[in-house]
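**Q** Encoded as structure tokens, here's the structure I'll be asking about.
The values are calculated or read from the model by the stated rules, or taken from the named source; none is laboratory data. Please read these numbers as outputs of a predicted model, since none were measured by experiment. Note that each Cβ is placed from the backbone with ideal geometry, even for glycine, and that neighbours are counted across all protein chains shown. Ligands, DNA and RNA are excluded from the accessible area calculation, which covers all protein heavy atoms including side chains. Shrake-Rupley method; radii C 1.70, N 1.55, O 1.52, S 1.80 Å.
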Amino acid sequence: MRVVITGLGVVAPNGTGVPAFTAAVREGVSGIRYDPQLEALDFSCRIAGTPEVTEAMKLQYFDPLELKGFNSGAVLYGVMAGMEAWQDAGLPAGNAIQQPDWDSGAIFGTGSSGIDKMREAIYRMDELQVRRLGSTVVAQTMASGISAWLGGKLALGNQVTTNSSACTTGAESVLMAYDRIRAGKARRILAGSTTDGGPYVWGGFDAMKVCTFKNNDRPAAGSRPMSATATGFVPGAGAGALVVESLESALERNATIYAEIIGGHVNSGGQRNEGSMTAPNSEAVQRCIREAVRDAGIHPDEIDAINGHLTATSKDAAEVINWSQALNRSGEHFPYLNALKCLVGHCLSASGSIELVAAVLQLQQGFLFPNINSEDLHPEIAAIVPREKIPQQLIHQDLQVIAKASFGFGDVNACIILKKYKF
């Protein structure tokens, strides 16, 4: 069964909503900004990628009663991105829907949910004010809160669940949706991922010294994937969403088809052979890529571009080496390569889905966004990939196949192969 993507939604540091995000990505506009709260809390990294969401934007997706006492970034971003994707796919939403849609579900992941709401609740409990917590703390902070909110707003009657696999979450959710549809258990799934932002999410990463400590005075230059002067990632937040649907269903509805998912793979390195809680097992990464290509039924040479995980840490060079060895391609034969984190930072559990939205847009519209801050390529990367294959300016290119991968804490991996849709 063929599976396609029929709707897109995004809340990203450099653009809320697909039109704003598309323009920012094409123009190489960074969403990284100075964050005074991080300085006040004595973080080493004082820049971040936080989406700009106005009250008017919130009211497009929530009613005023829902927003009373509301303080969950993960639910906010996820509902906005998810509902935008659903509406973009031409599907109905709202209280007017009287019956569950048994053919439609949601697999929408997160790494954390409602951290600020939980902090607020803890302080109230410590002040002996349990009865003043309100009735929505659980819905805002439970791990499955995001899929539950979307399930209610869209009257979803198929599987409605939340996955969580660190930075692999977004890519994994799309592959879980792909598998469920291929198995004939759903016609369409709203897939994606979201994450809270702010110091109470990012503090642990700052303490681990995996966030950059340079360029606090030059935010847009701070996120530097593939750069020789990269010193760590810039933390970010947001959500990405994709409507994953059987081709048969999409054609019946005369839906817009953005791209086709032709294969993918998920695995783990078991935290062995140099793999750990924070480092990848290269054998597993390469196996994940090769199995995704095999599942897609293509030759590695057919891949036109790679949208990498590429976090601006010491692991970037190892990732590029893994791609080269897995595909047996290097030099002028290496695909185009780009890293969205140069524009939005590392959006943690939301990174894969936001980056998938960017990958689908590139495939559909025929462009490669600029890799800003990569003017000084890491020498180990430059030895494998020619400079022209990592464009610093927007280029127009007829792309047929894009490989997108995400690698996460816990030594977990996911790779998706996307193809330009042809009937």
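**Q** GNM, the chain, Cα, under 10 Å: largest mean-square fluctuation among A350, A148, A279?
**A** Highest fluctuation of the listed residues: A279.
**Q** Same structure, new question: Rounded, prolate or oblate: pick one for region 285-326, where a ≥ b ≥ c are the square roots of the eigenvalues of its C-alpha gyration tensor, a/c under 1.5 means rounded, and failing that, prolate if a/b is larger than b/c, else oblate.
**A** prolate
**Q** Using r as the Cβ-Cβ distance of M208 and E248, and R0 as 56 Å, what FRET efficiency do you calculate, to the nearest 0.05? Don't skip to the answer; put the middle values down first.
**A** Details: r = 47 Å, r/R0 = 0.83.
Using R0 = 56 Å, I get an efficiency of 0.75.
**Q** Same structure again: What are the ³J(HN,Hα) values, in whole Hz, obtained from phi via the Karplus relation 6.51 cos²θ - 1.76 cosθ + 1.60 with θ = phi - 60°, for each residue of region 361-371 in sequence order, with x given for Gly and Pro?
**A** 4, 4, 5, 5, 9, x, 8, 10, 6, x, 8
**Q** Next up: Among residues other than S406 whose Cβ falls under 12 Å from its Cβ, what is the net charge (Lys/Arg +1, Asp/Glu -1)? It would help to have the intermediate numbers written out before the result.
**A** Numbers: positive: K341, K404; negative: E172, E319, E355.
Local charge sum for S406: -1.
**Q** Taking θ = phi - 60°, what integer Hz values does the Karplus form 6.51 cos²θ - 1.76 cosθ + 1.60 yield along region 372-378, in sequence order, with x for Gly and Pro?
**A** Working through the residues one at a time gives 5, 6, 10, 5, 10, 4, 4 Hz.
**Q** So how far, in whole Å, is the C-alpha centre of region 179-232 from the one of region 315-385?
**A** For region 179-232 versus region 315-385, the Cα centre distance is 14 Å.
**Q** For the chain, with a Gaussian network of springs between Cα atoms less than 10 Å apart, report the residue from I146, I303, I395 with the top mean-square fluctuation.
**A** I395
**Q** Just the number please: accessible area per residue for the chain, 1.4 Å probe, all protein chains included, in Å².
**A** Values: 16550 Å² over 423 residues.
Dividing the accessible area of the chain by its residue count gives 39 Å².
**Q** Mean residue ellipticity at 222 nm from the helices of the chain, using -39,500 (n - 2.57) per DSSP H segment of n ≥ 4 over the full residue count, to the nearest 500 deg cm²/dmol? Please report the intermediate quantities before stating the final value.
**A** Values: 16 runs with 146 residues, N = 423.
Theoretical 222 nm ellipticity from helices: -10000 deg cm²/dmol.
**Q** Of Y178, G408, G203, whose Cα points farthest to the positive end of the dipole of the chain (charges on the beta-carbon: +1 Lys, Arg; -1 Asp, Glu; origin at the Cα centre)?
**A** Working it through, the farthest residue towards the positive pole turns out to be Y178.
**Q** Something else: For every other residue with a beta carbon closer than 13 angstrom to the beta carbon of P199, add +1 if it is Lys or Arg and -1 if Asp or Glu, then tell me the sum.
**A** So the surrounding residues net to -4.
**Q** Then there's this: Return the aspartates and glutamates within reach of K422: Cα separation strictly under 13 angstrom, same-chain partners fewer than 8 residues apart disregarded; answer none if there are no such residues.
**A** Counting by Cα, and skipping residues close in sequence, K422 has these aspartates and glutamates nearby: E260.
**Q** Check each of the GluC sites (Glu not before Pro) in region 119-218 and keep only those in coil by DSSP with at most 15 other C-beta atoms within 10 angstrom; list them in order. Working shown, then result.
**A** Details: sites: E120, E127, E172; in loops: E127.
Here the sparse-neighbourhood loop sites are E127.
**Q** Another question, if that's okay. Would you mind working out the magnitude of the charge dipole of the chain relative to its Cα centre, with +1 at each Lys and Arg C-beta and -1 at each Asp and Glu C-beta, to the nearest 20 Debye?
**A** 440
**Q** Each residue of region 95-110 in turn: what ³J(HN,Hα) in whole Hz from Karplus with 6.51, -1.76, 1.60 and θ = phi - 60°, glycine and Pro shown as x?
**A** Computed from phi, the couplings for region 95-110 are 5, 5, 6, 8, 10, x, 8, 5, 8, 10, x, 9, 10, 10, x, 7 Hz.
**Q** Which far-off residues, 5 or more places away or on another chain, put their amide H under 5 Å from the one on G15, with H placed in the peptide plane?
**A** E52
**Q** Still on this structure, I have one more. Only four residue types carry charge here, +1 at the Cβ of Lys and Arg and -1 at the Cβ of Asp and Glu. Report the dipole size of region 265-419 about the Cα centre in Debye, rounded to the nearest 20.
**A** The dipole magnitude comes to about 260 debye.
**Q** What residue among L133, L91, L65 has the largest mean-square fluctuation in a Gaussian network model of the chain, using Cα springs under 10 Å?
**A** Top of the fluctuation ranking is L65.
**Q** Checking the cross-link filter: which lysines have an alpha carbon closer than 24 Å to that of K341, excluding same-chain neighbours under 8 positions apart?
**A** K209, K214, K315, K389, K404, K419, K420
**Q** Another question about this same structure. For K58, list the lysines whose Cα falls under 23 Å from its own Cα; do not include residues on the same chain fewer than 8 positions away.
**A** Candidates past the 8-residue exclusion: K68, K117, K153.
**Q** Continuing with this model, one more query. Scanning the chain for trypsin sites (Lys or Arg not before Pro) in DSSP loops with at most 12 other Cβ atoms within 10 Å, what's the longest stretch left with none?
**A** Longest gap between qualifying sites, sites excluded: 273-421.
**Q** Between I395 and T278, 0.36 nm times their residue separation minus their Cα-Cα distance comes to what?
**A** Numbers: separation 117, 0.36 × 117 = 42.12 nm, distance 3.42 nm.
Taking 0.36 nm per residue and subtracting the Cα distance, the gain is 38.7 nm.
**Q** Between R119 and D217, what FRET efficiency follows from the Cβ-Cβ distance if R0 is 25 Å, with the result rounded to 0.05?
**A** About 0.30, to the nearest 0.05.
**Q** Follow-up question, since we're still on this one. When a/c reaches 1.5 or more, the comparison of a/b and b/c decides; with that in mind, is region 265-419 rounded, prolate or oblate per its Cα gyration tensor?
**A** Since a/c stays below 1.5, the shape of region 265-419 is classed as rounded.
**Q** Also, I was wondering about something else. For the chain, what proportion of DSSP beta bridges, expressed in % and rounded to the nearest 5, is antiparallel?
**A** 70
**Q** Could you please put V210, V75 in sequence from largest to smallest accessible area, using a 1.4 Å probe?
**A** Reading off the accessible areas and sorting them downward yields V210, V75.
**Q** Taking the Cβ-Cβ separation of I97 and L67 as r and a Förster radius of 25 Å, what is the calculated FRET efficiency to the nearest 0.05?
**A** 0.70
**Q** Which one, Y336, F62, A93, projects farthest toward the positive side of the charge dipole computed for the chain from Cβ point charges (K/R +1, D/E -1)?
**A** Checked the options; the winner is A93.
**Q** Just for the Cα atoms in the chain, what are the lengths along the principal axes, largest first, rounded to whole Å?
**A** Projected onto the principal axes, the Cα atoms of the chain cover 63, 55, 41 Å.
**Q** Something else about it: Quantify, in whole percent, the carbon and sulfur part of the accessible surface of the chain (1.4 Å probe; protein heavy atoms only).
**A** Carbon-and-sulfur percentage of accessible area, whole number: 51.
**Q** Between G232, V244, N254, whose Cα lies farthest towards the positive end of the dipole of region 220-274 when Lys and Arg beta carbons carry +1 and Asp and Glu beta carbons carry -1, centred on the Cα centre?
**A** Farthest towards the positive pole: G232.
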